[in-house]
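Report on the following structure.
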Amino acid sequence: MDDTIRSAQQALLDPEWGIYAGPDTDAVDFSTRYDACHFDSRGIQLVAQAWTARIADYLALRKAQAFVGKPQAALDSPPR
């Protein structure tokens with residue numbers, strides 16, 4: 001992926017508005033794409049697992065945050 005696109009996507013992240021980074025689907029092996037772009041069934045499973053892990057990380061961080069009283073800005077850095 002073009003670094004310009006990645007930079008633009010990163011610039012849109014705003015935890016105060018509930019806008020967080022999702023998983024890096026470009027990191028999913030290209031052998032799981034049937035046309036060098038769209039995911040096949042295995043690729044879809046991998047992306048779903050990546051989304052599940054990302055959402056679980058954010059939920060765990062928010063739960064921990066509630067116990068220690070840290071501000072929402074602590075979510076600025078995407079986990080892992």
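The phi-based Karplus calculation (6.51 cos²θ - 1.76 cosθ + 1.60; θ = phi - 60°) puts the 3J(HN,Hα) values of segment 53-59 at 5, 5, 5, 4, 4, 5, 5 Hz, whole numbers, x for Gly and Pro. P(r) for segment 3-76, from all Cα pairs and a bin width of 10 Å, is 18, 36, 31, 13, 2 %, short bins first.
Once the Cα-Cα distance is subtracted from the 0.36 nm per residue extended length, the R33 to T4 segment shows a gain of 8.1 nm. Residues whose amide H lies under 5 Å from that of R33, counting only those 5 or more places away or on a different chain, are D40; hydrogens are built 1.01 Å from N in the peptide plane.
Among T25, T4, a tally of other beta-carbon atoms within 10 Å of each Cβ gives an order, fewest to most, of T4, T25.
Any read-out appearing in this document is the output of simple, stated calculations on the displayed coordinates, not a laboratory observation. Everything numeric here is computed off the predicted structure, so don't read it as measured data. Every residue, glycine as well, gets a Cβ built from its backbone with ideal geometry; the counts of neighbours run over all protein chains shown.
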